[in-house]
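The values are calculated or read from the model by the stated rules, or taken from the named source; none is laboratory data. Values in this document were obtained by computation on a predicted structure and should not be read as measured data. As a convention, Cβ positions derive from the backbone with ideal geometry for all residues, glycine included, and neighbour counts pool all protein chains shown. These accessible areas exclude ligands, DNA and RNA; they are computed on the full protein's heavy atoms, side chains included. Shrake-Rupley method; radii C 1.70, N 1.55, O 1.52, S 1.80 Å.
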Amino acid sequence: MTDNLDNFLDLSDAAYEVRTKAPNRSGALPFTEEMLKDSPSGDLFGWSHNVGMGWRPDLITSDQALILTTSGGIRSDDGKPIALGYHTGHWEVNLVAKEAAEEFKKSGWIPFAGHCSDPCDGRTQGTPGMMDSLAYRNSASEVLGRLIRSLPTARGVMGIATCDKGLPAMMMALAESRDSPGILVPGGVTLPPERGEDAGTVQSIGSRFSHGEISLKEAAEAGCVACASSGGGCQFFGTAATSQAIAEALGIALPHSALAPSGERVWLENGRASSRALMSMVRNGLHMSHILTPEAFKNAMLVHAAMGGSTNLLLHLPAIARSAGLDAPLLENWISANRSAPRIVDVLPNGPNNYMTVQVFLAGGVHEVMLHLREMDLLDLNCLTVTGKSLGQNLDIWQKSDRRVRFRDILYNSDGVDPDDVIMSPDKAMEKGLARTLAFLSGNLAPDGAVVKSTSISPELYSDSGSYLHEGKVRVFTDEHSAITAVKSIGDDRVLPGEVIVLIGRGPIGAGMPETAQITSALKYTEALSQNALITDGRFSGFSSGPCIGHVGPESLAGGPIGKLRDGDSIRIEIKKDECTGSVDYIGDLKLFDERSMHPNLKEDPNLPESVKLWAALQNTGGGTWGGCVPNIKEVVKKLSS
């Protein structure tokens with residue numbers, strides 16, 4: 001069938017009723033002589049735009065606030081999709097943005113809104129799109145920062161974001177605007193289904209089906225119900241949920257705002273409360289620089305440790321700190337935080353009961369966790385927050401609040417869950433055997449370090465002394481497709497029990513440092529793979545658990561010794577959960593190993609986009625993965641000038 005171009009040019013009769021002029025508006029802009037003489041033309045012309053979009057000329061002099069979101073998709077008024085977004089995390093954020101805007105407008109302010117949408121790490125798992133994921137964060141941060149600076153008349157900025165890269169990018173942009181008032185509104189969480197698998201478990205259906213552990217019908221039904229409500233980040237405490245918690249812990253989001261169920265009234269009212277808080281910040285001259293202090297970042301690292309946070313915050317929190325003009329946390333700071341603060345939150349995927357993020361919210365959320373940390377005398381209570389009060393004052397208010405009592409009662413009455421089983425006292429957490437969140441590894445395969453989420457390793461795999469030991473032969477893969485093929489296989493090429501999967505060439509230089517969640521999810525939820533470990537110079541989803549070691553440095557394509565491994569080599573993994581340290585070592589003749597060439601199949605991913613190659617080169621100037629994967633601009637300029 002041949003297309004006829006004329007068909008594309010056909011119009012309805014109504015389309016020809018086109019106007020060439022519009023009627024004049026009544027009224028006039030309230031310019032003054034001083035403004036016309038002294039103001040930039042952009043400020044004057046901006047008012048013309050404002051009334052052009054429908055704002056009343058007599059209200060044009062009001063204070064202005066900018067609302068930035070990561071919104072995606074097009075919704076009809078009844079919530080049904082006209083065009084889908086990339087994920088549920090940004091599908092509903094415009095709803096809370098609307099609430100916030102109406103609150104500004106009711107208070108006599110002029111709200112502006114802009115958007116920079118974000119991709120979904122779950123959607124791009126195992127695809128070339130994942131190579132853009134981490135680089136996107138930096139690009140989005142730049143775009144959001146430019147949008148902030150492109151409205152210089154705004155008195156304050158509100159950022160609304162939800163998920164793995166859009167939310168850290170938003171926090172980086174707010175931190176960069178350090179001399180202005182700003183506030184973060186977390187995009188909330190998705191609800192779990194009444195019956196069925198959560199959004200993390202369901203990502204392993206391919207592996208479980210391949211091993212005969214579920215049927216096609218079971219996989220199809222599980223996939224259909226996993227995202228049970230239409231908005232919010234995933235129901236587990238992965239990177240999205242951890243980033244929301246970190247925003248609250250830093251003091252840039254309101255108390256008890258992280259992990260609220262998206263679309264519910266409590267979440268929508270948080271938008272209005274955040275508007276009131278931002279207007280108060282403007283009146284009182286409270287800026288981001290007053291809140292984002294070194295002490296606030298120490299508090300955030302302690303909350304991360306206490307809640308069992310995602311390893312990806314090792315990349316994001318340093319990037320936020322550096323955007324705020326501060327030094328990135330050092331490795332010893334992370335080790336100290338994890339040794340000081342025990343994990344006291346039982347949440348998916350860390351166990352033991354794997355409560356959902358909405359249940360953590362009902363149990364009291366971040367501020368409930370911080371009450372326990374305050375009792376341990378770990379927090380700096382003098383840190384200022386967006387409420388205009390100190391953290392200590394906020395905790396006093398939270399502890400005595402009716403809101404705290406009522407939500408904890410809802411959790412017990414609706415789900416039959418004791419809130420103190422979700423957010424525990426340190427003594428209770430110790431009785432239940434909860435391990436500390438992260439362990440930082442070294443060794444001859446990771447001279448620059450590596451990380452493992454030690455708290456998510458099954459307790460029975462630890463010895464009585466608190467050590468995890470594994471010696472085994474390695475299976476080396478230089479691309480993710482080959483690795484997941486072997487993981488799913490039940491043939492001769494299958495991964496054998498006890499083997500250590502080594503995935504190399506997945507660092508920033510090799511592949512943009514993509515997540516390997518489809519492999520880690522398979523290891524966690526596929527019974528046939530329960531005895532395997534994973535080591536990579538890439539990174540993991542925040543949902544990952546088990547003996548999965550990532551961020552191995554130097555990465556293989558930067559000459560890291562992990563790139564010298566071959567199939568059948570023996571390695572030894574040791575993780576000391578209480579000391580938050582460990583090692584990963586090649587076992588054999590070290591002299592011969594040092595002299596060995598790199599793996600013959602090791603190469604840059606052929607699908608790596610040019611823009612990601614540039615990002616990888618630039619982020620190396622800022623310390624690479626341990627520096628937050630952000631460039632050192634002075635160093636870049638110096639190198640370009642030399």
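Computed from backbone phi with θ = phi - 60° and the Karplus coefficients 6.51, -1.76 and 1.60, the 3J(HN,Hα) list for the stretch 45-60 is 5, x, 5, 4, 4, 4, 6, x, 7, x, 6, 5, x, 6, 10, 6 Hz; x is used for glycine and proline.
Descending by average beta-carbon neighbour count within 10 Å, the peptides 337-350, 283-296 line up as 337-350, 283-296, the highest first.
Once the Kirkwood radius over Cα pairs is known for the stretch 67-217, the Stokes-Einstein relation at 25 °C and 0.890 mPa s delivers a diffusion coefficient of 143 µm²/s. In order along the stretch 343-352, the phi-based Karplus estimate (6.51 cos²θ - 1.76 cosθ + 1.60, θ = phi - 60°) of 3J(HN,Hα) comes to 6, 10, 10, 9, 8, 4, x, 7, x, x Hz; Gly and Pro are listed as x. With all protein chains in place and ligands, DNA and RNA left out, the 1.4 Å accessible area ranks 164, 415 as 415, 164, largest first. Figure note: 234, 629 ranked by solvent-accessible area, largest first, 1.4 Å probe, ligands and nucleic acids not counted: 234, 629. Against the main long axis of the alpha-carbon atoms of the chain, helix 365-375 sits at an angle near 70°. Give the accessible area for residue 256 in Å² (nearest 10); use a 1.4 Å probe, count only protein heavy atoms, and leave out ligands, DNA and RNA. The accessible area comes out at roughly 0 Å².
Distance from the Cα centre of the stretch 360-419 to that of the stretch 296-351, in angstrom? Using only Cα atoms, the two centres lie 19 Å from each other. In this label model, residue 597 and residue 425 are separated by 6.3 nm, measuring between points 7 Å along each Cα→Cβ vector. Summarising the amide proton neighbourhood of residue 112: residues at separation of 5 or more, or on other chains, whose placed amide H is nearer than 5 Å comprise 65, 66, 67. Cross-link partners for residue 389 among the lysines, with Cα-Cα distance under 17 Å and sequence neighbours closer than 8 places in the same chain left out: 400. The string of couplings for the stretch 405-411 from the Karplus curve (6.51, -1.76, 1.60, θ = phi - 60°) is 5, 5, 5, 5, 5, 4, 4 Hz, one whole number per residue in order, with x for Gly and Pro. The peptide list 139-146, 24-31, put in order of mean Cβ contacts within 10 Å with the highest first, becomes 139-146, 24-31.
For the stretch 469-521, the fraction of C-alpha pairs farther apart than 17 angstrom is 38 percent.
What is the log10 of I(q)/I(0) for the chain, computed with the Debye formula using one identical point scatterer on each Cα and no solvent, at q = 0.07, 0.11 Å⁻¹? Those come out to -0.46, -1.07, one per q.
Counting only alpha carbon atoms, the long axis of helix 216-225 and the longest principal axis of the chain meet at about 40°. The accessible-area ordering, largest first, of the residues 55, 47 stands as 55, 47, per a 1.4 angstrom probe. Between residue 602 and any residue 5 or more places off or on another chain, the built amide H atoms are never under 5 Å apart. Would you give the gap between the C-alpha center of the stretch 432-504 and the C-alpha center of the stretch 31-46, rounded to a whole Å? Distance between centres, Cα-based: 63 Å. Residue 368 contributes an accessible area of around 10 Å² to the protein surface, as traced by a 1.4 Å probe with all chains present.
Taking 0.36 nm per residue of sequence separation and subtracting the Cα-Cα distance, how much length would be gained by fully extending the chain between residue 412 and residue 41, in nm to one decimal?
Details: separation 371, 0.36 × 371 = 133.56 nm, distance 5.94 nm.
Here the answer is 127.6 nm.
Classify the stretch 301-449 from the C-alpha gyration tensor, please: rounded if a/c falls under 1.5, else prolate or oblate depending on whether a/b exceeds b/c. Since a/c reaches 1.5 but b/c is at least a/b, the shape of the stretch 301-449 is classed as oblate.
For the chain, what is the calculated [θ] at 222 nm in deg cm²/dmol (nearest 500), taking -39500 (n - 2.57) for each run of four or more DSSP H residues and dividing by its residue count?
Working: 27 runs with 254 residues, N = 642.
Calculated at 222 nm, the ellipticity per residue is -11500 deg cm²/dmol.
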